[in-house]
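Notes follow the structure.
The values are calculated or read from the model by the stated rules, or taken from the named source; none is laboratory data. Note that this is a predicted model, so its numbers are computed, not measured. We place every Cβ from the backbone using ideal geometry, glycine too, and count neighbours over all the protein chains shown. We work out accessible area using only protein heavy atoms, side chains counted, and drop any ligands, DNA or RNA first. Shrake-Rupley method; radii C 1.70, N 1.55, O 1.52, S 1.80 Å.
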Amino acid sequence: MFEKVNHIELDKEYAHVMVTVNELPICEVEQWVGIDLNSTGHVAVVANPSTGKVQKYGKEVPHIHKKYSKMRNNLNNEGYPKVAKEKIRNKENRISKDLNHKISREIVNNAAQQGCGIKMERLSDIRTTARTSKSTRASLHSWSFYQIQMMIEHKAKLRGVPVAYVDPAYTSQQCSRCGRIGNRNGKDFSCPHCGHVDHADVNASFNIALRPPLGEGNGRLHADRDACKGRIDTPQ
């Protein structure tokens, strides 16, 4: 609920309404859920180590990007003007943003109901450090990890759910059972030390939930870091 309406603007398609929203105090929590964000398979895999529960979101996203990428390539091959390809890209971006809103809302609501905080990887360098195949590289660059993290932060703040960031190093290779480095092959993870076998994204999400938050500065929320830099928009 909002406290008051501050400003309203109308155009041919939308009504833009600015309101004042009262934020809830951030809760003190003992348990955390970990979120592993992906460019293939499910966009977000969420794990709660205290219950062992795993939730997966956004399985349709890679198919959406593949569909619209193919449409743009067909327009390019047939010599259509740039404006036609931009219309396709804008439509894809609107669909992606809407899905991000729905995914982030459900993640935050579930965390609030479980009385948990939310941990995510600090992914500021994912586009330059992630190892991807040629077939998945376009999906990685087109899907906005930053956008979904910002949405989770914003919705969590309104619900009083704490959000923290962790070091992303080896989250997909470390065994969530024994803590030693195991073997990842695509979406399969196995640990030769303790025998643990799991879906690689699920294993990573448990690791993220169990890791300590990064220190001041590195663990600062996106919104706080951007405010310090004077940036208030979400990069495209």
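Yes/no matrix, rows are residues, columns are (1) more than 16 Å from V108 (Cα to Cα); (2) surrounded by fewer than 21 Cβ atoms within 10 Å (Cβ to Cβ):
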| residue | (1), (2) |
| --- | --- |
| G34 | no, no |
| N38 | yes, no |
| G41 | yes, yes |
| L75 | yes, yes |
| P81 | yes, yes |
| A84 | yes, yes |
Restricting region 135-161 to residues that are open to solvent by less than 20 Å² (accessible area, probe 1.4 Å) and not in a helix (DSSP H, G or I), the one modelled with the lowest pLDDT turns out to be W143
Among strands (runs of 3 or more DSSP E) completely within region 7-61, the ones holding 2 or more residues that are within 30 Å of A169 (Cα to Cα) and out of contact with any Asp or Glu (no Cβ under 7 Å at 6 or more places or on another chain) are 31-37, 44-48, 53-57
| task | For G230, state whether it is modelled with pLDDT under 90, surrounded by fewer than 18 Cβ atoms within 10 Å (Cβ to Cβ) and of a type in the set (G, A, S). | result | yes
For region 108-117, state whether one or more residues are in contact with a Phe, Trp or Tyr (Cβ under 7 Å, 6 or more places away or on another chain), at pLDDT 90 or above and closer than 18 Å to S205 by Cα.
yes
Picked from region 179-211 (must be under 20 Å from K119 (Cβ atoms) and among the hydrophobic types (A, V, I, L, M, F, W, C)), the residue surrounded by the fewest Cβ atoms within 10 Å (Cβ to Cβ) is L210
